[in-house]
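Have a look at the structure below before the remarks.
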Amino acid sequence: MTRESDHQSTEATDEIRPCDRVVPKLLMTYSEATWSLGICERTLRGLMENGELAVVKIGSRTLFDPADLEALKQSRKVLRPKTG
């Protein structure tokens, strides 16, 4: 047996309310970037100084694009041959 509320129009069920949205972070701070990569801040700064990791400057703040962190991770992947 179905109820009246089970037959709502698709307009009502497909509507997204602002409180239902999950907006991903577009930029990360130093602490978020180091935590995400599992490295210390000194290592992160070294990657920046060597030109291996781009930064986003907004005013005096230095931020990191999650896509750049992902690209760094992908560039550092190493396949090891099976032994034995």
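Details
- Kirkwood Rh in Å, taken over all unlike Cα pairs in the range 24-75: 11.0
- Taken about its Cα centre, the range 32-84 carries a charge dipole of about 280 debye when Lys and Arg each add +1 at the Cβ and Asp and Glu each add -1 at the Cβ.
- For 28, 48, order by how many other beta-carbon atoms lie within 10 Å, fewest first: 48, 28
- All other residues whose Cβ lies under 12 angstrom from that of residue 27 are scored, Lys and Arg at +1 and Asp and Glu at -1, for a net of 0.
- A simple rule links phi to the HN-Hα coupling: the Karplus curve 6.51 cos²θ - 1.76 cosθ + 1.60 with θ = phi - 60°, which for the range 53-58 gives 9, 6, 10, 10, 9, 10 Hz, with x for Gly and Pro.
Each reported figure results from applying straightforward, stated rules to the coordinates on display, with no laboratory input. As the structure is a prediction and not an experimental result, all values here were calculated from the model. Here Cβ is always computed from backbone atoms with ideal geometry, including for glycine, and neighbour counts include all displayed protein chains.
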